[in-house]
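A.B. asks: So that we are looking at the same thing, I have put the structure below in structure tokens.
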Amino acid sequence: MRLLSRRTLLRGAGGAVLGLPVLDAMLTIGGRLPGANAAGAPRRLVIFFTGEGFPMSPTNEWRPIVGTGPSDFQLSTMLAPLEPVKRQSLFIEGVPYTSSNDSRQRAQGHPAGAQAVLTGAWAGDGTSYGGAPGRLAGFSPYPSIDYLIGKEIGSATRFPALYLGVNPGGTSPAARPFVAADQKGIAVQGDPRAAFDSIFGDFNGANPGESVAASQKRRADDRKVVLDSVLGDLKSLGAQVGADDRRRLDQHATQLAEIQRKVSVPPPAAPNACVKPVRSTITDRSFANAPALAPAQLDLLAMALACDRTRVACFSMSHADADGGEVHRWLGHTRDHHDISHLTKGHAEDSKLLVQIAVWQATQLMTFIKKLQAVAEPGGTLFDNTVILWCSEIGNGWTHDRNGPVFTIIGSGQGYFKTGRYLNFGGGSKNAHSKLLLHILNYMGVPATSVGDPMYSAGGPLPNITTA
Amino acid sequence: MKYATLLSVLVFAGCSGDIVGDGGGDDDGNVPGPGDEPPPVDPTSPPLGTIDRSDEGPVGPAPMRRLNRREYNNTVRDLLNDTSRPADGWPAESALTGFDTDVSGQGSTAQELEQFLAAAELVARNANQATVLGCDPATGDACALSFIDRFAARAYRRPATADQKMRLKTVFDFGRRTDFASGVRLVMEAVLQSPFFLYRYELGEKPTAGAVRVALTPHEMASRLSYFLNGTMPDDPLRAVADSGELRTLATMEAQARRLLAKPDARTILAAFHHQWLELDRLEGLTKDPKLFPAYGPRMAASLEAGTRAFVQNLYLERGDGTVDELLTAPYAYLDATTASIYGVTSTSTTVKKTTLTQPRAGILTDGAVMAALAGATETSPIARGMFVRGHLLCQPIAAPPNDVPPLLPNPNLTTRERLSMHRANPACAGCHNLLDPIGFGFENYDPIGRWRTTENGKPVDASGILGGTSKSDGPFSGVVELAGRLAKAPEARRCLSESWMTFALGRQIGENDTRTVTGLGDWLDTGGKLREFLVGMARSNAFRYRPLLATK
């Protein structure tokens, strides 16, 4: 409980401690969630996306060393940093992104995988180079699970989902696995200072000479009136423009009305475990600074979850269209991740480098998990109420493989998932991928029976994954 | 390869998108705008009136466009004198066409609208009301109404309607309960989040019977011109000719375009276009092996791009006589003390200066920033360089490799060229790589940071290549200077430059109905058109001045 021991409770200008018992605070907005545990703590999802796949071929460096059954295994070197949470994790191999081979897909390789991994769909039509001969690709025609969950349960928190990452410069379908409605890729924020401002900016309390409560009330009232005017403008403009533009304005208005609903009431008291983080001083946002950036961004996400600013936290790092820029120099590497992932210097040498990268990533993840474990919540810790999905857009990098990727699910999510196991579908269940995504949707309270194109999750979620 | 367009794909797929209009001309003119001195037009540049050839056919779509990060920063700077660049912290746009102007990537996610909310509150709070207000608060409502009228008209880039002003007055009255300044601040917050501010929408003039397109209104045209050539809201002289309706004439439009091109903001547009077109965004965070290239770092990268910027700004803006030929073949570079070694000269200058080079160089093709961007950390990338020429200079994008590509194992005894030649031996790869590698190999004299070299791994560099896929310029070449000579003679290259600029200018993918403008501009360049007038030509083209009839259903 290192974090809690040195926490400073959020204080307003008058020195008043803001905060009610955690239960009250979390239930103030939106009422009790379908996905809350018996003690009332809400369920959370973290997506930890790392691009370029893993070293899994010709030798599988990811695969645990298997003993007598699914619960008897040792973690590989690559996964070893996750040893402390091995019993709370599901290591799943052979999760083919079958939907990415759909006849309607418009891309190959990295963009094809990135548009499938969280959607159960494929890279649709668009204007971006996707790699398939004579045609151009776009984002997935079906949204990703983070968006779907945010849409379902996001009204309960300030942000339906948050997206932070390291060096997310790429704007193409290869670099943006998170997809909103209407084939819009969701941007990832790579600047921890700007991220802080947007997530915790609201926590800035009163103006001089004003009580915290009065300040918050005034701000909320102002926003209500200002946004009423903007909504009036949206309606007025919508009546003048063509059908396509009107649709965009309608979406804008719908989304803005939702924001208005949240910001026109004073913010709820923060949960007890919520500690307003310190604004980062990092200005170098290049990949070379990842050892500083990754923890900074993950810390913000941990506290955004602890403060119940959102229940869906997405992190992404190492992107296939980073154009040769992602060199893990702090590991002694001189070549970029994508180049190494293609084993251009040979299997033995480059697999070693890829394991080093994955170990470093797993270490970042474990540090983040420890942060979640340090936040006390009803029924245990924040980690106990969280599920983390670690995934990539492809399986092994050098063949752009989408037939045998892996899903690492960490955290039982209040006992929802049956963890402590290594499973290998080995291609036997061609729709395992979509059916796993469906489990995550259901866990987060989305009562869906399919994800992406229903044909890839026909028959419902995979059996024997949850405790139900 | 970051972007490609519909037109390109049609070309690549073997469809012909070429439709050449018939003869004719438009009324041309060269009348200076009020209160400024546009630079003289090069008399040898052919007249612009030939470009669209009195074409009255359909034009491409005109989707509503939202201010991007660059435009947002510039617009609040000009509207409120706010130089804080509040949009810098926003994540990059989904620029599927390769340009940040692309409308197809613009959604309305919670994240994006939250950014507008936060920025509006910040900008409104920091605004200096004494300078913005323009009237005495003691006059009460009269001052409030006059402020709303003027501020909304500037922010919305057209006169504010009674309806709009009424809503803003309601906001003012609410804030006024605290004090006058709060009322003004809330009005600013409402304006800065209004769709009339955030979006550029174009309804066009009233259609005439039987027309398939309508001209943009003067205010819509003023915004298009200003955001295209200056990346910001219309300035006072431009707003004046929009208000008066003078902007309806081609003469005024051209004069205004030339005036805007003389403003400092035009230089930032040149920088923005080339940063994206030349894929210099790759340089951000790009590292090179420090053992091999100890001199390379962020400072070097910044100086290299400063040189690229100075080169294109001089060619397009400072001189009236820059040509596509020179863009592709210039034997000089802009360099400073940091980048002199890249170009094989010495310099003590702290700013980039035009310097004639002795080693073989060819404009943007051998530009240090471009060469560094299109290379890996340890070795060159003939594929990336070939893709760049094929995709960005000829607008003929090539497919990505299929799944399950076996790696090319390293061999210290081979040059990069020898190693890559192996996958052209594989028939599955040869189809595409035959279109890429023989171009990319021509660049092998330029190492991963753009320095001239004649050997690699102890072996002499072979920079011979073959250009294919063009109508008039196919054939063998040795080195980039010869390749540049072939490209400079290729009509495809000039049409592709037109297409790339139009993609940037229109904020959308170029389609079938834009072909006449794109080929018209390319043909005009073929007849000796100069680059500054080329930008004016785009601004007065049909694709730029008209929109299709409004489809309301």
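The values are calculated or read from the model by the stated rules, or taken from the named source; none is laboratory data. Owing to the predicted nature of the structure, the values given are computational and were not obtained by experimental measurement. For neighbour counting, all protein chains shown are included, and Cβ atoms are generated from backbone atoms with ideal geometry for every residue, glycine included. The area values use the complete protein model at the heavy-atom level, side chains included, leaving out ligands, DNA and RNA. Shrake-Rupley method; radii C 1.70, N 1.55, O 1.52, S 1.80 Å.
A.B. asks: Just name one of A:I149, A:I409, A:A374: the one whose Cα is farthest towards the positive end of the charge dipole of chain A (beta-carbon charges, Lys/Arg +1, Asp/Glu -1).
C.D. replies: Value: A:A374.
A.B. asks: Also: What shape does chain B take by its C-alpha gyration tensor, where a ≥ b ≥ c are the square roots of the eigenvalues and a/c under 1.5 counts as rounded, a/b above b/c as prolate, and the rest as oblate?
C.D. replies: Prolate, since a/c reaches 1.5 and a/b exceeds b/c.
A.B. asks: Using Stokes-Einstein with the Kirkwood hydrodynamic radius over Cα pairs, what translational diffusion coefficient do you get for segment B:55-158 at 10 °C and a viscosity of 1.306 mPa s, in µm²/s rounded to a whole number?
C.D. replies: Numbers: Rh = 16.1 Å.
It comes out at roughly 99 µm²/s.
A.B. asks: What does the helix-only formula give at 222 nm for chain B: each DSSP H stretch with n ≥ 4 adding -39500 (n - 2.57), the total divided by the residues, and the result rounded to the nearest 500 deg cm²/dmol?
C.D. replies: Working: 23 runs with 247 residues, N = 553.
Helix contribution divided over all residues of chain B: -13500 deg cm²/dmol.
A.B. asks: Then there is this: Which percent, nearest 5, of DSSP beta bridges in chain A are antiparallel?
C.D. replies: Among the beta bridges of chain A, antiparallel pairing accounts for roughly 50 percent.
A.B. asks: Using the Karplus curve 6.51 cos²θ - 1.76 cosθ + 1.60 with θ = phi - 60°, work out ³J(HN,Hα) for each residue of segment B:128-134 in order, rounded to whole Hz, and write x for Gly and Pro.
C.D. replies: Along segment B:128-134, the couplings run 8, 5, 4, 8, 7, 5, x Hz.
A.B. asks: Taking A:K276 as the anchor, which lysines have their alpha carbon closer than 16 Å to its alpha carbon, excluding any fewer than eight residues away along the same chain?
C.D. replies: A:K371
A.B. asks: So for chain A, averaging the separation of alpha carbon pairs under 8 Å that are six or more residues apart and normalising by length, what relative contact order in percent results?
C.D. replies: Dividing the mean separation by the residue count of chain A yields 30 percent.
A.B. asks: May I ask you to list the lysines whose Cα is less than 27 Å away from that of B:K353, ignoring any residue fewer than eight positions away on the same chain?
C.D. replies: List returned: B:K263, B:K288, B:K530.
A.B. asks: Ok, one more. Using r as the Cβ-Cβ distance of A:D221 and B:S84, and R0 as 25 Å, what FRET efficiency do you calculate, to the nearest 0.05?
C.D. replies: 0.40
A.B. asks: Over segment B:58-119, what portion of Cα pair distances is larger than 14 Å, expressed as a whole percent? Don't jump to the answer; show the numbers that get you there.
C.D. replies: Working: 1144 of 1891 pairs.
So the portion of pairs separated by more than 14 Å is 60 percent.
A.B. asks: According to a simple spin-label model (label point 7 Å from Cα along Cα-to-Cβ), what is the distance in nm between A:E83 and A:R261?
C.D. replies: Rounded to a tenth, the inter-label distance reads 4.8 nm.
A.B. asks: Provide the solvent-accessible area of B:R516, counting protein heavy atoms only and rolling a 1.4 Å probe, rounded to the nearest 10 Å².
C.D. replies: 40 Å²
A.B. asks: Here's another thing I want to ask about it. Rounded if a/c is under 1.5, else prolate if a/b beats b/c, else oblate: with a ≥ b ≥ c from the C-alpha gyration tensor eigenvalues square-rooted, which is the protein assembly as shown?
C.D. replies: Verdict is oblate for the protein assembly as shown.
A.B. asks: If you don't mind, there's one more thing I want to ask. Farthest toward the dipole's positive end in segment A:287-363, which of A:Q356, A:H338, A:M303, given Cβ charges of +1 (Lys, Arg) and -1 (Asp, Glu) about the Cα centre?
C.D. replies: A:M303
A.B. asks: Right, here's the next one. Bins of 10 Å, beginning at zero and ending with the bin holding the largest distance: percent of Cα pairs per bin for segment A:45-201, please.
C.D. replies: All Cα pairs considered, the percentages come to 10, 31, 32, 22, 5, 0.
A.B. asks: Would you mind pulling out the separation of the Cα centroids of segment B:61-78 and segment B:524-552, in Å?
C.D. replies: A separation of 20 Å, based on Cα centres.
A.B. asks: Mind putting a number on the dipole of segment B:427-526 about its Cα centre? Charges go on the C-beta only, +1 for Lys and Arg and -1 for Asp and Glu, and I need it in Debye to the nearest 20. Intermediate results must be reported in sequence, preceding the final value.
C.D. replies: On the way: 10 positive and 13 negative charges, 31 e Å.
Computed charge dipole of segment B:427-526: roughly 160 debye.
A.B. asks: Between B:K206 and B:A162, take the C-beta separation as r, use R0 = 22 Å, and let me know the FRET efficiency to the nearest 0.05.
C.D. replies: Between B:K206 and B:A162 the formula returns 0.60.
A.B. asks: Using a 10 Å cut-off on Cβ to Cβ distances, tally the other chain neighbours for every residue of A:253-262 and report the average as a whole number. The partial results should precede the final answer.
C.D. replies: Numbers: counts 2, 1, 8, 8, 0, 2, 5, 2, 0, 2.
If you average over the peptide's residues, the count of other-chain Cβ atoms is 3.
A.B. asks: While we're looking at this one, here's another question. Mind jotting down the distance between the C-alpha centroids of segment B:268-338 and segment B:79-107, whole Å?
C.D. replies: If we compute the Cα centre of each part, the gap is 22 Å.
A.B. asks: From other protein chains only, count the Cβ atoms within 10 Å of every residue's Cβ in B:186-194, then give the mean.
C.D. replies: Numbers: counts 5, 2, 1, 7, 8, 4, 2, 8, 8.
Mean inter-chain Cβ contacts per residue within 10 Å come to 5.
A.B. asks: Between A:K430 and A:T254, 0.36 nm times their residue separation minus their Cα-Cα distance comes to what? Present the calculation step by step, with values, prior to reporting the outcome.
C.D. replies: Details: separation 176, 0.36 × 176 = 63.36 nm, distance 3.76 nm.
In short, 59.6 nm is gained.
A.B. asks: Using only the Cα atoms of chain A, what are the Rg and Dmax in Å?
C.D. replies: My reading of the Cα-based Rg and Dmax gives 22.1, 69 Å.
A.B. asks: Would you mind giving the mean number of other chain beta-carbons within 10 Å of the Cβ of each residue in B:92-100, as a whole number?
C.D. replies: The per-residue average across the peptide is 6.
A.B. asks: Also, I was wondering about something else. Choose one of A:P266, A:P454, A:V179: the residue whose Cα lies farthest towards the positive end of the charge dipole of chain A (beta-carbon charges +1 Lys, Arg; -1 Asp, Glu; about the Cα centre).
C.D. replies: Of the candidates, A:P266 comes out farthest on the positive side.
A.B. asks: With each label point set 7 Å from Cα along the Cα-Cβ vector, what nm distance links B:E512 and A:R104?
C.D. replies: Taking the simple label geometry, B:E512 and A:R104 are separated by 2.3 nm.
A.B. asks: Work out how much length B:R299 to B:Q359 would gain on full extension: take 0.36 nm times their residue separation and subtract the Cα-Cα distance, in nm to one decimal.
C.D. replies: My answer for the length gained is 19.2 nm.
A.B. asks: Answer rounded, prolate or oblate for segment B:172-281, using the Cα gyration tensor with square roots of eigenvalues a ≥ b ≥ c: rounded when a/c is under 1.5, else prolate when a/b is larger than b/c, else oblate.
C.D. replies: It is oblate, given that a/c is not under 1.5 and a/b is not larger than b/c.
A.B. asks: Step through the table entries A:K151/A:K435; A:K184/A:K235; A:K184/A:K262; A:K184/A:K370; A:K184/A:K345; A:K370/A:K435, compare each Cα-Cα distance with 31 Å, and write down the pairs that go over it.
C.D. replies: Flagged as over cut-off: A:K184/A:K370; A:K184/A:K345.
A.B. asks: Rounded to the nearest 0.05, what FRET efficiency do A:T449 and A:V66 give with R0 = 25 Å and r taken as the Cβ-Cβ distance? Could you check?
C.D. replies: Calculated value: 0.15.
A.B. asks: In addition: Using unit Cβ charges (K, R positive; D, E negative) and no other charged atoms, how large, in debye to the nearest 20, is the dipole of segment A:377-468 about its Cα centre?
C.D. replies: 260 debye
A.B. asks: Using Cα centres only, tell me the gap between segment A:394-410 and segment A:436-468 in whole Å.
C.D. replies: Going from one Cα centre to the other spans 20 Å.
A.B. asks: So, one more: In nm, give the distance between the simple-model label positions of A:T467 and B:R150, each being 7 Å from the Cα along the Cα-to-Cβ direction.
C.D. replies: 6.8 nm
A.B. asks: Charges only on Cβ, +1 for Lys and Arg, -1 for Asp and Glu: so what's the dipole of segment B:74-171 about the Cα centre, in debye to the nearest 20?
C.D. replies: The dipole of segment B:74-171 has a size of about 380 debye.
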